Amino acid sequence: MNINQLIDLKQKGEKIAMVTCYDHASASIINKTQVDMILVGDSAAMVMHGESSTLPITTETMALHTASVVKGAPDKFIVADMPFMSFRKSLDSNMSAVETLMKTGAHAIKLEGVAGNEDLIKHVVQSGVPVMGHVGLTPQSINQFGGFKVQGREQAAQNKIIEQVQTLSDLGAFAVVLECVPAALTEAIAKSCDIITIGIGAGNSTDGQVLVMHDLLGYPSDFSPKFVRKYLDTERMFKSAFNAYVNDVKGKKFPNKEESY
Ligand code: KIV
């Protein structure tokens with residue numbers, strides 16, 4: 001999958017399916033599925049490292065996750081997330097973070113918010129790197145929002161999100177993630193938006209959807225927003241496999257003759 005094929009999907013009105021992924025083994029499985037696009041999200045901080053927000057993860061750690069996903073999923077379009085503060089310093093330092101992530105083999109970068117990022121987005125696009133924006137609930141601003149809350153309920157907030165999407169499009173971004181915004185707002189945006197819209201908790205009118213891999217696979221979580229649909233009960237399956245193994249070990253049934261040298 002490449003950027004032109006993604007744009008083609010949008011133009012044909014075919015939905016785009018994106019999932020997050022952070023490791024080589026899972027990426028190798030996703031590579032054999034019909035998933036179109038992978039996001040190596042900074043949600044890695046929470047689901048892979050047990051942090052309570054996305055803030056602690058560094059560019060170097062994101063680069064390690066991205067490199068392992070790139071090697072596992074050579075057929076997929078891979079977007080690397082720019083972590084907290086990695087794009088809010090000098091243009092030099094911001095571009096170094098972009099370079100570190102892109103040199104892992106990612107095909108695009110994603111960054112949260114718009115205000116203050118305009119020059120960087122323009123520069124990154126002019127450097128040949130596709131940019132995906134992210135508006136609505138931007139988890140790196142969790143301390144300003146006071147929690148993981150739906151954004152864009154009031155008219156002023158809706159106008160701001162509409163403007164942000166337009167600005168991203170004007171700056172040359174190829175796509176935008178709309179997170180946790182009312183479905184009616186998404187519908188209004190998606191109607192006139194000429195860049196790819198990807199939703200998460202944003203209704204069904206975007207060009208595509210993204211879900212955190214661990215959420216859709218049903219890994220246990222303290223936080224389960226209503227937009228998550230679980231396609232597997234991974235906790236139950238893992239527990240049953242581990243307990244079957246323990247029973248075999250304790251019952252002296254593992255290893256058997258065929259499994260021994
Ligand atoms: O980091 C992430 O997983 C994300 C998605 C929730 C869009 O940014």
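Which shape class, rounded, prolate or oblate, goes with the range 116-261 when its Cα gyration tensor gives a ≥ b ≥ c as root eigenvalues, a/c under 1.5 marks rounded, and past that a/b bigger than b/c marks prolate? Because a/c hits 1.5 or more and a/b exceeds b/c, the range 116-261 counts as prolate. The overall shape of the chain, judged from the alpha-carbon gyration tensor, is prolate: a/c is not under 1.5, and a/b is greater than b/c. Each peptide in 245-258, 132-145, 165-178, 4-17 was scored by the mean count of other Cβ atoms within 10 Å over its residues; highest first, the order is 165-178, 132-145, 4-17, 245-258. In the context of the full set of protein chains, the range 63-183 has a per residue accessible area of 43 Å² (1.4 Å probe).
Pairs of Cα atoms under 8 Å, at least six residues apart: use those to get the relative contact order of the chain, whole percent.
Reported as a whole number, the value is 15 percent.
Magnitude of the charge dipole for the chain, about its Cα centre and with charges confined to Cβ atoms of Lys, Arg (+1) and Asp, Glu (-1), is about 720 debye.
Beta bridges assigned by DSSP with both partners in the chain are antiparallel in approximately 0 percent of cases. Roughly how many Å is it from the Cα centre of the range 43-59 to that of the range 173-215, as a whole number? The range 43-59 and the range 173-215 have Cα centres separated by 23 Å.
Extending 7 Å from Cα along the Cβ direction at GLU118 and again at VAL228 yields two label points whose distance is 3.7 nm.
Round to the nearest 0.05 the FRET efficiency obtained for LYS103 and ASN4 when R0 = 35 Å and r is the Cβ-Cβ distance.
Calculated transfer efficiency: 0.95.
With the simple spin-label model, which puts each label point 7 Å out from Cα in the Cβ direction, the PHE238 to GLU14 separation comes to 3.4 nm. The label point for GLN144 and the one for GLN166, both projected 7 Å from the Cα toward the Cβ, are 2.0 nm apart.
Between LYS252 and ALA184, the contour length at 0.36 nm per residue exceeds the alpha carbon distance by 18.5 nm.
With n ≥ 4 as the cut-off for DSSP H runs, can you work out [θ] at 222 nm for the chain, using -39500 (n - 2.57) per run divided by the number of residues, rounded to the nearest 500?
-12000 deg cm²/dmol
Helix 183-192 and the longest principal axis of the C-alpha atoms of the chain enclose an angle of approximately 60°. Relative to the dominant Cα principal axis of the chain, helix 91-102 is inclined by about 40°. Quick one: with all protein chains in place, what share of the accessible area of the range 187-261 is carbon or sulfur, to the nearest percent (1.4 Å probe)? Answer for the range 187-261 is 54 percent, counting heavy atoms of protein chains only.
The values are calculated or read from the model by the stated rules, or taken from the named source; none is laboratory data. None of these values were measured; they are calculated from a predicted model. Counting neighbours? That spans all protein chains shown, and the Cβs are built from the backbone with ideal geometry, glycine included. For accessibility, only protein heavy atoms count, side chains too; no ligands or nucleic acids. Shrake-Rupley method; radii C 1.70, N 1.55, O 1.52, S 1.80 Å.
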